[in-house]
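Structure record follows, encoded as structure tokens.
The values are calculated or read from the model by the stated rules, or taken from the named source; none is laboratory data. Small disclaimer: the values here were computed from a predicted structure and weren't measured. Cβ placement follows ideal geometry from the backbone for every residue including glycine, while neighbour counts extend to all protein chains displayed.
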Amino acid sequence: MADPGAREQKLIQYLNEAYGKEKQLETVLQAQIGLAKSADRKPLQKRFQDHLKETKAQSRGIERRIKQLGGKAEAQSLPGPDIVSGAATGVANVANRALAAAKAPVQALRGTSEADNLLRNVRDAVWNEAEEIAHYDAIEALAENLNDKDTAKLAREHRRQEERMQKFLRGQIAQLVKAVVREEIPAKERSGNGGTSRSSSSRSSSSSRSSSSGSRSRSASSGSSSRKSSSGSSSRKPSSGSSSRKSSGRSPSVKKAGAKGGRASASRRSGGSSGGGSSS
Ligand SMILES: [Fe+2]
């Protein structure tokens, strides 16, 4: 094939960025399978395993499409020097780098208990799916703009797989939180009735938050408003499933450097997951 023109180069660029994400997530998923297994969460483990197969097939599909467009699969979104050697070496390097970048934060005990650790990983997995969905939205739109039906079809198929995975993961969160409660909150403190001042104040804060959401002037005049809004970000859409994003509050680069996360558990206990996430 002749050298790719600007049209093909742009398609190849975006495909390669999605490819880099998929290669990274192959490693992350392997670690997550291990976590789900050790927590004896069979449906979650099975879904991670199925999605690992899907993810590997996606990587191969993207690689194939890049070749058809006259390019070479190389994971551009990962850190490190250029991967410009032959395709096979390039993929091996990508995998090694993904391992280095992803292994530590996934496998380190980042939470305050095993259940908390698993919840955090599933929350991150939801976030990863959202990133992949955005990659494929962009690729599909670009391909449609450039009349590349094959690439648009590929992106659409991959995006649907990511959406299904994200939906499944979100459906797991309530159950995983129950396990966190069982492991970390003594039974007598769970109801909150006549409980500590801490639990009653957090409840009243959340109710006043919902009643005052959208009322800027009222927040501004209330002495404790900044604390309330920082704990909940009520201006974001509460029903859109943004809870993982909201509560993890973590950027990709911070997450990759997150090996220190386990040590932040004390601040997480006192400051909530948002504070702990940003310090990890
Ligand atoms: Fe995925």
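What to note about this one:
- Of all residues in the stretch 42-71, those satisfying the criterion of being more than 14 Å from the ligand (Cβ to nearest atom), under 16 Å from Met165 (Cα atoms) and surrounded by 17 or more Cβ atoms within 10 Å (Cβ to Cβ) are Leu44, Gln45.
- Qualifying residue in the stretch 171-179 (condition: within 13 Å of the ligand (Cβ to nearest atom), within 18 Å of Trp127 (Cα to Cα) and either loosely packed, with under 14 Cβ neighbours inside 10 Å or modelled with pLDDT under 95 (or both)): no
- Taking the stretch 99-123 as the range and being of a type in the set (Gly, Ala, Ser) and at pLDDT below 50 as the test, the residues that pass are Ala100, Ala104, Ala108.
- For the stretch 12-41, a residue qualifies if it is within 18 Å of Ala152 (Cβ to Cβ) and surrounded by fewer than 23 Cβ atoms within 10 Å (Cβ to Cβ), and the qualifying residues are Gln13, Tyr14, Asn16, Glu17.
- Within the stretch 122-159, tally of residues that are farther than 15 Å from Ser59 by Cα and either in contact with a strand residue (DSSP E or B) (Cβ under 6 Å, 6 or more places away or on another chain) or within 14 Å of the ligand (Cβ to nearest atom) (or both): 10
- Counting the residues of the stretch 129-163 that are within 20 Å of the chain's Cα centre (by Cα) and crowded, with 22+ Cβ neighbours inside 10 Å gives 8.
- Close pairs from the stretch 120-148: first free of Cβ contacts under 8 Å to residues at least 24 places away in the same chain, partner more than 12 Å from the ligand (Cβ to nearest atom) and aliphatic (A, V, I, L, M), Cβ under 9 Å, at least 6 apart: Asp137/Ala155; Glu140/Ala152; Glu140/Leu154; Glu140/Ala155; Ala141/Ala152; Ala141/Ala155; Glu144/Ala152
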